[in-house]
Amino acid sequence: MNDTYVEYGVKQKGTAKTFLCKAAFIVAIIVGLYISTLSQFLYVVPVVAVMLAIYFIPKFNYEYEYIYVDGEFNFDRIMGGAKRKTILKIDLENVEMIAPSDSEEIVAYNHKEGMKDYNFSSLMPDAKTYTLIGSVEGNYLRVVFEPNEKMIEAARAKSRSKVRA
C-alpha cells in the first residue's frame, strides 16, 4: 500500500458576524443579571443565558483540516476544537485545476455562473491561498483553501497538469 497521505489544518479568523454573536450572548447575560435583581423568580434568566453561551460560543470557533489521500481531498470543519464534520470530498479526477487564488487562470473562473463557493481558509489577509476548481456530482465548485507545500507537491505528483504553482 503506497498511498500518499498529507494533512494540514488552519484556524479561521473570527468574522464580524461571529464577534456580534458572541457579544449578543454577553449582553444577554448582563441583562439577565439585571432582570434577576428585580424579582427572585427571574434568577433563571441569567442561568439560562449562561448555559446557552457555554453551549453556543465554542461553535463559533472554526478550524479547517485538509486531508489528501492518494488523489482525494477531504475538507473537514472542526467546531470548538471538538466536533468534526466532513464538508466536502473531491477526487483529483474531478478537479479541473488547483492554482494560487490570485493567478490569472483562477481569475478567469470568477465570473462563471452556477459555481458553488467554499472558503476553507483562515481569512487572514496575508495568507497564501489556493483555489480548487472542480465538480462533484455534476455541480461545479470553487474551493479556497491554504494547503502546505507538501500537500501541493503530493497532488502535483499525482496529476502534474492540474496543479499549478
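Report, in debye and to the nearest 20, how large the dipole of the chain comes out about its Cα centre when Lys and Arg carry +1 and Asp and Glu carry -1 on their Cβ.
600
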If amide H atoms are modeled at 1.01 Å from N in the peptide plane, then the residues at a separation of 5 or more from residue 142, or on another chain, having amide H under 5 Å from its own are 116, 117, 118
So, in Å, what gap is there between the alpha-carbon centers of region 26-42 and region 100-128?
46
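As a footprinting exposure proxy, order 141, 20 by other Cβ within 10 Å, with the fewest listed first.
Numbers: 141 18, 20 9.
Final ranking by Cβ density, sparse to dense: 20, 141.
Got the relative contact order for the chain handy, in percent, Cα pairs under 8 Å and 6 or more residues apart?
Working: 267 pairs, mean separation 36.1, N = 165.
It rounds to 22 percent for the chain.
Kindly provide the helix-only [θ] at 222 nm of the chain, computed as the sum of -39,500 (n - 2.57) over DSSP H runs of four or more divided by all residues, to the nearest 500 deg cm²/dmol?
Details: 4 runs with 50 residues, N = 165.
Result for the chain, helices only: -9500 deg cm²/dmol.
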Local electrostatic count at residue 11 - Lys and Arg +1, Asp and Glu -1, tallied over other residues with Cβ under 12 Å:
-1
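What is the fewest-to-most order of 160, 142 by other Cβ atoms lying within 10 Å of their Cβ?
Numbers: 160 9, 142 18.
Final ranking by Cβ density, sparse to dense: 160, 142.
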Fluctuation leader among 125, 58, 147 - the chain, Gaussian network, Cα springs under 10 angstrom:
125
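Since every read-out is calculated from the coordinates, none of them should be taken as a lab result. Just so you know, these numbers come straight off a predicted model, no measurement behind them. No Cβ is skipped: glycine too gets one built from the backbone with ideal geometry, and neighbour counts run over all protein chains shown.
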